[in-house]
Amino acid sequence: MNPSIARVTHRITQRSQATRQAWLASVQSQRGSGPSQRAGMGCANMAHTFAALPANDKLQVREARAPHVGIVSAYNDMLSAHQPYEHYPEAIKAAARTLGATAQVAGGVPAMCDGITQGAAGMELSLFSRDVIALSTAVALSHNVFDAALFLGVCDKIVPGLLMGALQFAHLPGVFVPAGPMTSGLSNDRKAQVRQQYAQGLVDREALLEAESQAYHGAGTCTFYGTANSNQMLLEIMGLQLPGSSFVNPGTPLRKALTAEAVRCAVAGVGLDRAAPLALADIVDEKAIVNGIVGLLATGGSTNHTLHLVAIARSAGILIDWDDFAELSHAVPLLARIYPNGAADVNHFHAAGGMGFLMRELLDAGLLHADVNTILGPGLQRFTQEPWLNDGQLAWRAAPASSGDLAVLRPAGDPFSTDGGLRLLQGNLGRSVVKVSAVKPAHRVVRAPAVVVADQQELLALYQQGRLQRDFIAVVRYQGPQANGMPELHKLMPPLGALQDQGFQVALVTDGRLSGASGKVPSAIHLSPEALGGGPIARVMEGDWITLDCEQGILQLEVDDATLAARCPIVPDLSAHAQGTGRELFGLFRRHAATAEAGASPLLA
């Protein structure tokens, strides 16, 4: 085992001892003593449970003859990634019957699309939708009638929310069921190029819409390596969904076979006597969380997981922080280049060897804990295999011995970079994270005067007015979870990228978030404490010089301590962010949100 991996894992375990034990005790208190979760239910309660089931299913549930599986689905047909889930419940129920089990849809959870709400008011609900999903998952499973659960979700906040909710029912076996990415369309590089051209006024809206439509063209996950596809990697490397299942396209025979196999795993997890199920609590532990961080770093995954994975871990009583991410990043090499860290999309990554190749390389290099539980049982070696159809039947074979494309996926001995590209920045402005895996070395150190705004639209207006044709560091504040729900600021990337291409030294400092697909502009994000929480970012003034040094891990406002302390925080009117588009309903979430480094969750503050 790599010493850094072992050291960080030990530190997390020690730090989490009290909270983890309390969580495990809570899980143990929920474990049923009988052969079924339904043992001891009142007759009226039981009758409500199976009232609408087909006759044979009703009999099995009534007599508790076989496992009963709950389905929690994030289906809607507005999200391309979730549209394939429409007919999954029927397929799952049919697969369960072939195993002598039964299944019901326990409940649905909301699933919003960040791609639709980028730059709009709805994005201010996005982060907290994760917590709504966790709450909705808990409601779905609160009936306490299921022996196992299947979770259907893919995208940005949906998977973290489902897992946070599932971990409150971690006495049950649980399996995540992916839907897969859409087939490749317009290349991500070309899409980004057209976006920059539109920001510069070089192409019209019709050209931009045509490019976007060619990129996002069918059912399935968007093909760039943002938060949605980072979610899928994370679930697989943590052993929560089937090996090689993350990036199989929707609607294919292999995809259908994998869905049926997920049902078999859920039923098998209950066990023949159902006395000692392989529960989520047996899978999600400190080692699994560290494996998740390693996978994120090795693939150049979404910065959103410096929030989400923290919240997921806390939902299981495990305390991680950005120091853990930073130390692991120094030990974990970058083995994949997927847009925005390269030209390829996730279909190219999958074809080059995918998760099986990646996990074998990390295991052989001592960078993953192999001695963990998974939905397939003990050990991670099974996850170095890939699924295929042998005469129409699901089968497994070893992942390719070598990468099919060294421009996309490399062995651990010949990485793209010797580190994972995620850095912790510290200084008199606080603590933040920066993803440098897509930032060219020439742009990793920026010293420039501040351009200070309290809304991304202000910065976009300055760009449109031609007032940003110079070196500067954009300070976009009051974007934290307490201020306005911490929306992504992805709309800033095309103009900042265009200015960088013109030769200007530019960077971003914010207490907000960026899209998991943002890349080439150095961006100190998730700055904590946030402006509304008393962070020094509220005292930055126009023209102050700032040093953002990704190499040394420095974020420093070049103002002496006495002068900075004497300044009064500049607090704008935030009332417009508290109303409209449902934001009134989220005031409680904003007021009680934890800090970014603690996961930004009002449920765990």
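Readers should treat all values here as calculations from the given coordinates under stated rules, not as data from a laboratory. As the structure is a prediction and not an experimental result, all values here were calculated from the model. Cβ atoms come from the backbone with ideal geometry, glycine included; neighbour counts cover every protein chain shown.
Quick notes on this one:
- Global geometry of the range 384-454, whether rounded, prolate or oblate, following the gyration tensor of its Cα atoms and the 1.5 cut on a/c: prolate
- Cβ-Cβ FRET estimate between SER417 and PHE504, R0 fixed at 22 Å, reported to 0.05: 0.30
- From phi via Karplus (6.51, -1.76, 1.60), per-residue ³J(HN,Hα) for the range 357-371 in Hz, x at Gly/Pro: 4, 4, 5, 5, 4, 5, 5, 5, 8, x, 9, 10, 6, 7, 8
- Label-point separation in nm, GLN469 to ASP560, each point 7 Å along Cα→Cβ: 3.8
- Mean residue ellipticity at 222 nm, helices only, the chain: -11000 deg cm²/dmol; runs of at least 4 DSSP H residues each add -39,500 (n - 2.57), and the sum is divided by the number of residues.
- Calculated FRET efficiency for the pair ALA260/VAL445, C-beta based, R₀ 60 Å, to 0.05: 0.70
- Extension gain (nm, one decimal) between ASP405 and VAL571, 0.36 nm per residue minus Cα-Cα: 54.7 nm
- The phi torsions of the range 240-246, fed into the Karplus equation with coefficients 6.51, -1.76 and 1.60 and a -60° offset, translate into couplings of 9, 9, 4, x, x, 8, 5 Hz, rounded to whole numbers, with Gly and Pro shown as x.
- GLN393 versus GLN118: modelled label distance in nm, points set 7 Å from Cα along the beta carbon direction: 4.6
- Alpha carbon centroid spacing (whole Å) that separates the range 91-117 from the range 404-475: 39
- Residues SER4, SER73, sorted so that the one with the fewest Cβ neighbours within 10 Å comes first: SER4, SER73
- The order of GLU124, GLU488, going from fewest to most other C-beta atoms within 10 Å of their C-beta, is GLU124, GLU488.
- Net length gained if the chain between ASP371 and ARG65 were fully extended (0.36 nm per residue, minus Cα distance): 106.8 nm
- Net charge, THR547 excluded, C-beta distance under 10 Å - Lys, Arg +1, Asp, Glu -1: -1
- 17 Å Cα-Cα reach of LYS58 towards aspartates and glutamates, excluding residues that sit fewer than 8 places from it in its own chain: GLU90, ASP147
- Overall shape: rounded for the range 422-573, with the ratio a/c of the largest to smallest alpha carbon gyration tensor axis below 1.5.
- The chain: antiparallel DSSP beta bridges as a percent of all, rounded to 5: 45
- 3J(HN,Hα) from dihedral phi, the range 142-148, Karplus parametrisation 6.51/-1.76/1.60, rounded to Hz, x for glycine, proline: 5, 5, 6, 10, 9, 9, 7
- Sequence-distant residues sharing a close amide H with ASP455 (under 5 Å, placed H): ARG477
- Percentage relative contact order, the chain, counting C-alpha pairs under 8 Å, at least six apart: 15
- Residues GLU90 and SER29, FRET efficiency given R0 of 30 Å [Cβ-Cβ distance, rounded to 0.05]: 0.30
- Relative contact order of the range 432-572, defined on C-alpha pairs under 8 angstrom at six or more residues apart (%): 30
- For the peptides 581-591, 343-353, 243-253, 226-236, residues were scored by their other Cβ atoms within 10 Å and the scores averaged per peptide; the highest-first order is 226-236, 343-353, 243-253, 581-591.
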